[in-house]
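The values are calculated or read from the model by the stated rules, or taken from the named source; none is laboratory data. Model, not experiment: these values are computed from the prediction. Cβ atoms come from the backbone with ideal geometry, glycine included; neighbour counts cover every protein chain shown. Heads up: the accessible areas ignore ligands, DNA and RNA and are worked out on the full protein's heavy atoms, side chains in. Shrake-Rupley method; radii C 1.70, N 1.55, O 1.52, S 1.80 Å.
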Amino acid sequence: MKWSKGYLFTLKEAPADAEIPSHILLVRGGYIRKVAPGIFTYGHLMWRSIRKFEAIVREELNRRGCVEILMPMVQPRELWEETGRWKEMGEGLQKLKNRNDHDFCLGATHEEVVTDYVRRDVKSYRDLPFNLYQVQTKFRDEIRPRFGLMRGREFIMKDAYSFDPDVAGAQKSYQQMFEAYTDIFKRLGARFRVVQADSGNIGGNQSQEFHILADSGEDQLLVSESSDFAANIEVCPAIDAQPAAAPSSELKTMEEFATPGLRTIEALAKATGTPAHQLVKTMYFSASDEPAKKLNPVAVLLRGSDEVNPVKVKNHFGLSNPPLLLTDEEVRKLTSASPGSCGPVGLNIPILMDKGVENLRNYMVGANKDDFHLRNVNHGRDYKATVVGDFRMAREGDLSPDGKGHLKAFRGIEVGHIFYLGTKYSKKMEANYLAQDQTQKPIEMGCYGIGITRTVQAVIEQNHDKDGIIWPVSVAPYVVHIALLDPDAPEARQLADKLYDDLMAKGIDVLMDDRVERPGVKFKDADLLGMPLRVNIGARGLAAGELELIERKTKKTEKVQPGALFEKIVTWVKEQSI
Ligand code: ATP
Ligand code: MG
């Protein structure tokens, strides 16, 4: 593309709502423009990167025999009612009505539609196995869209669905997708990790996430230092590195004492000289899938130094979504006190006790009376937990759940997620086949997603410097950036045009900045846009018989004779793709 004929507008400043480097750079480079929160237009350069990444994904899936289709974005309510997810998906599912008052939703994911598609055609075990995939726009009404394409409302996903006659086949399909994903993210040149994950409201009982590692990642990953154990913090079992000391047997008398203004664990710890891990805090949640309609209050007890893991609470109750914290008002209604003065004694709701509290004795808790606490409280005597279990967030330094070494923390961006579904959807939707033994059996399924737009932005999060983006060749919108410094000098223009044509003929993507602009502006924009290799073509360089070739990643500059330029570039590009 020649800039003068294209549509490319860079900005000096980023908008105020761009918080992380990749979002800032995408906006400054004119790669994306916001239309509404979480909804964007992909500019020409962005679209090229997206298409290149999609091509990698398609290649790796097609190579493994997966079959591409395209399903509708607008889907009828009836299909979602069959699986119960019309309700279960909650507000995230964008619902709409047509002129006849029929309910539809925008596709947030496509298990229902694909299962319906398959049940219409598949009759016998001879029709299995297969894997159907699509690259498509998804819509989720995210509570807080942010970070540009990282958490959009409208975004592009590659979703694949495998169909097998039995568990062994389904496991093989799962493994094959694991390998495909590994190859896809390797080809991107990304630093990534695969971790055990929660199945969310997709369902099934085995799932793994692929994460691109980045400090700004929304997810915390815990990885063993001594083995290949790795899990998303959401599902990582929490095991203390230091086993709790054996509890003293003496139970002291419980008593109330005044704690005016002490509403946080930190304040209480300071005022009483007790370390936070010996204090006990009570958190209140609504264990309900319809928090707006039905409040189902539960309390979680844990050490003052620990954090509740809402996904563990969700899984304990078999909820579809993590439970929401009660508001201060709701807590007050329940306990007659503010959250900072609450505790388990006299509480008439289910109490989940984290096992970290089990061995504590004679501890302090809120008295359910503003500005008062109880001391010398003991489980069994003063209150009774409904269940004792693992409800806290694991953290760096905890023991690895496989017993090998300690956990180390990383931050990651979830770019891919693979699930073994079993028969969750096929049973509910009666997607059956005639097995060899002449019985009707539900089809074994798996589903596999890659956030296409999120991944492309995550690549930038991993590859940038203070001046701009540093694209890897694999998904760079253009590989070569020609900065034509004197568009009005005929010789420079001629050489640039010829180089442009020759590279294009060779199948190398070229962007040529032929605007009437100062060199300084062009250099800044070239660094911002981030194409892997730049060549400066100007009258002065031509007169000296030397032109500059600059590698974006290293900023290494090489002087090259005009006649050798083409070959040099071709060789460089070839080396990169090895
Ligand atoms: P998250 O936990 O980030 O909300 P999810 O687990 O709900 O994502 P999946 O249902 O596993 O998402 O979807 C498959 C992939 O789609 C994710 O791994 C992610 O890369 C991408 N994705 C999901 N939600 C979004 C979003 N709001 N914006 C951009 N990409 C998304
Ligand atoms: Mg996921």
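Restricting attention to the range 136-150 and to residues that are crowded, with 19+ Cβ neighbours inside 10 Å and not in a strand (DSSP E or B), the residue that is nearest to ligand 2 (Cβ to nearest atom) turns out to be 140. Within the option set 503, 495, being at pLDDT 95 or above, more than 25 Å from residue 52 (Cβ to Cβ) and not small (Gly, Ala, Ser) holds for one residue only, 495.
I want to confirm something. Restricting to the range 213-243 and keeping residues that are of a type outside the set (D, E, K, R) and open to solvent by 60 Å² or more (accessible area, probe 1.4 Å), which single residue is nearest to ligand 2 (Cβ to nearest atom)?
So in the range 213-243, the residues of a type outside the set (D, E, K, R) come out as 213-214, 216-217, 220-224, 226-227, 229-233, 235-239, 241-243.
With the extra rule that they be open to solvent by 60 Å² or more (accessible area, probe 1.4 Å), the set shrinks to 226, 242-243.
Values: 226: 27, 242: 33, 243: 34 Å.
That would be 226.
Quick check on my filter: what residues within the range 382-414 are basic (Lys, Arg) and at pLDDT below 95?
First, the residues of the range 382-414 that are basic (Lys, Arg): 384, 392, 395, 404, 408, 411.
Hit for the range 382-414 is 404, nothing else.
Quick check on residue 152: is it more than 30 Å from residue 48 (Cα to Cα) and within 16 Å of ligand 1 (Cβ to nearest atom)? Reasoning before the result, please.
Details: more than 30 Å from residue 48 (Cα to Cα): no; within 16 Å of ligand 1 (Cβ to nearest atom): yes.
Spelling it out, it is not the case that residue 152 is more than 30 Å from residue 48 (Cα to Cα) and within 16 Å of ligand 1 (Cβ to nearest atom).
The residue that is farthest from the chain's Cα centre (by Cα), among those in the range 476-498 that are within 14 Å of residue 536 (Cβ to Cβ) and open to solvent by less than 10 Å² (accessible area, probe 1.4 Å), is 492.
Might you check whether a residue that is free of Cβ contacts under 8 Å to residues at least 40 places away in the same chain, away from ligand 2 (no atom under 13 Å from the Cβ) and either buried (at least 18 other Cβ atoms within 10 Å of the Cβ) or of a type in the set (D, E, K, R) (or both) occurs anywhere in the range 151-173? Taking every residue of the range 151-173 in turn, at least one turns out to be free of Cβ contacts under 8 Å to residues at least 40 places away in the same chain, away from ligand 2 (no atom under 13 Å from the Cβ) and either buried (at least 18 other Cβ atoms within 10 Å of the Cβ) or of a type in the set (D, E, K, R) (or both).
Residues that are away from ligand 2 (no atom under 11 Å from the Cβ) and modelled with pLDDT of 90 or more within the range 196-212 comprise 196, 212, listed in sequence order. For the range 430-452, the set of residues classified as in contact (Cβ under 8 Å) with a residue 40 or more places away in the chain and away from ligand 1 (no atom under 16 Å from the Cβ) consists of 430, 431, 432, 433, 434, 435, 436, 441, 443, 444, listed by residue number. Would you tally the residues in the range 151-166 being among the charged types (D, E, K, R) and out of contact with any Ser or Thr (no Cβ under 7 Å at 6 or more places or on another chain)? Number of matching residues: 4.
How many residues does the range 151-183 hold that are of a type in the set (Gly, Ala, Ser), farther than 17 Å from residue 107 by Cα and outside any helix (DSSP H, G or I)?
Taking the range 151-183 first, the residues of a type in the set (Gly, Ala, Ser) are 152, 160, 162, 168-170, 173, 180.
Keeping just the survivors that are farther than 17 Å from residue 107 by Cα gives 162, 168-170, 173, 180.
Right, trim to outside any helix (DSSP H, G or I) and you get 162.
The qualifying residues number 1.
Of the residues in the range 12-22, at least one is out of contact with any helix residue (DSSP H, G or I) (no Cβ under 8 Å at 6 or more places or on another chain), open to solvent by 70 Å² or more (accessible area, probe 1.4 Å), among the small types (Gly, Ala, Ser) and free of Cβ contacts under 8 Å to residues at least 24 places away in the same chain.
Name the single residue, out of those in the range 418-461 being of a type in the set (A, V, I, L, M, F, W, C) and assigned to a helix (DSSP H, G or I), that is surrounded by the fewest Cβ atoms within 10 Å (Cβ to Cβ).
Within the range 418-461, the first condition is being of a type in the set (A, V, I, L, M, F, W, C), and the residues that meet it are 418-419, 421, 429, 431, 434-435, 443, 445, 447, 450, 452, 456, 458-460.
Adding the requirement that they be assigned to a helix (DSSP H, G or I) leaves 452, 456, 458-460.
Working: 452: 23, 456: 26, 458: 29, 459: 28, 460: 27.
It comes out as 452.
Output the qualifying pairs, or none if there are none: Cβ atoms under 7 angstrom, residues six or more apart or on different chains, first residue in the range 185-201 and within 18 Å of residue 223 (Cβ to Cβ) and within 9 Å of ligand 1 (Cβ to nearest atom), second residue open to solvent by less than 20 Å² (accessible area, probe 1.4 Å) and assigned to a helix (DSSP H, G or I). Close Cβ pairs satisfying both conditions: 198/311.
Checked against (1) closer than 27 Å to residue 11 by Cβ; (2) touching a Gly at 6+ places or on another chain (Cβ under 7 Å), residue 492 passes all but a single condition, namely (1). Scanning the range 509-522 turns up at least one residue that is of a type in the set (A, V, I, L, M, F, W, C) and more than 21 Å from residue 12 (Cβ to Cβ).
The criterion of at least 1 residues that are under 16 Å from residue 452 (Cα atoms), open to solvent by less than 20 Å² (accessible area, probe 1.4 Å) and in contact (Cβ under 8 Å) with a residue 12 or more places away in the chain is met, among helices (runs of 4 or more DSSP H) falling completely within the range 33-118, by 44-63. Residues in the range 254-300 that are crowded, with 16+ Cβ neighbours inside 10 Å, closer than 19 Å to residue 331 by Cβ and among the polar types (S, T, N, Q): 259, 282, 286, 288, 296.
Only a single criterion out of (1) at pLDDT 95 or above; (2) part of a helix (DSSP H, G or I) is not satisfied by residue 266, namely (1).
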